[in-house]
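Novice: Submitted below is the structure of interest, expressed as structure tokens.
The values are calculated or read from the model by the stated rules, or taken from the named source; none is laboratory data. For clarity, every value in this text was computed on a predicted model and none was experimentally measured. Here the Cβ is made from the backbone with ideal geometry for all residues, glycine too, and neighbour counts use every protein chain on show. All accessible areas refer to the heavy atoms of the entire protein, side chains included, with ligands and DNA or RNA removed. Shrake-Rupley method; radii C 1.70, N 1.55, O 1.52, S 1.80 Å.
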Amino acid sequence: MCRLQMYALLLLLLLGCKAESSIDDYPCPPTGTKLTYDSFGSSFLAENCQTCHGRQSSERKGAPSSFDFGTIADVRAHKARIFARAAAENVTMPPGPDDPPAAARHELAEWLACGAP
Ligand code: HEC
């Protein structure tokens, strides 16, 4: 194989294994955030996450029982993992076709990065 093809293959491998981005790499804007649990977080999570995470075990579609996002305390306790699965460029949650729009994922990132006020 020629060197160029090898580099191309390596690049593809790297892209395919792109790591999830972390809440630690996403600073809260200097001006803070206007988003709050009441104006944003609660409805975002209810619509996109609690349909599995907030159910009885038979209806959770496999969502782990230790991960519910029904209160602000739950959200703050899990904010790093919520970020890693659903915020900014991270799109592995929710699973399936009904993805929230990219703009909402960026709002989620900002809100979590600012401590989920
Ligand atoms: C259709 C059902 C479903 C929906 C909706 C859903 N999840 Fe999940 N979630 C799962 C399942 C199944 C798992 C376990 C498998 C896995 O981790 O991929 C899981 C696991 C998780 C975990 C624990 C594993 C980890 O990576 O730490 C987190 C955090 C999570 N989901 C966040 C979310 C967030 C945030 C949303 C909304 C944006 C969401 N999920 C929406 C089914 C769902």
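Novice: According to a simple spin-label model (label point 7 Å from Cα along Cα-to-Cβ), what is the distance in nm between Ala77 and Arg3?
Specialist: Between Arg3 and Ala77, the simple spin-label model gives 5.5 nm.
Novice: What is the calculated FRET efficiency for Thr51 to His106, with r their C-beta to C-beta distance and R₀ = 22 Å, to the nearest 0.05?
Specialist: 0.55
Novice: Could you work out how far helix 102-113 tilts from the main Cα principal axis of the chain, as a 0 to 90 degree angle to the nearest 10?
Specialist: So the helix axis and the longest Cα principal axis differ by about 70 degrees.
Novice: Along its three principal axes, how long is the chain when you only count alpha carbons? Whole Å, largest extent first please.
Specialist: Result, largest extent first: 56, 43, 23 Å.
Novice: Which of rounded, prolate or oblate describes the stretch 67-117 when judged by the alpha-carbon gyration tensor and an a/c cut-off of 1.5?
Specialist: It is oblate, given that a/c is not under 1.5 and a/b is not larger than b/c.
Novice: First compute the accessible area of the stretch 20-113 with a 1.4 Å probe, then give the percent of it belonging to carbon and sulfur atoms.
Specialist: So the carbon and sulfur contribution to the accessible surface is 53 percent.
Novice: While we're looking at this one, here's another question. As I understand it, the dipole of the stretch 58-117 uses +1 on the Cβ of Lys and Arg and -1 on the Cβ of Asp and Glu, about the Cα centre. Which of Ala73, Ala116, His106 lies farthest toward its positive end?
Specialist: Ala73
Novice: A further question on this structure: Please calculate how many Å² of accessible area the chain carries per residue, with a 1.4 Å probe and no DNA, RNA or ligand atoms counted.
Specialist: On a per-residue basis, the chain sits at 66 Å².
Novice: Using 0.36 nm times the number of residues separating Ser66 and Asp99, minus their current alpha carbon distance, what extension gain do you get?
Specialist: In short, 9.6 nm is gained.
Novice: Expressed as an acute angle from 0 to 90° and rounded to the nearest 10, what is the orientation of the C-alpha long axis of helix 3-16 relative to the principal long axis of the chain?
Specialist: 10
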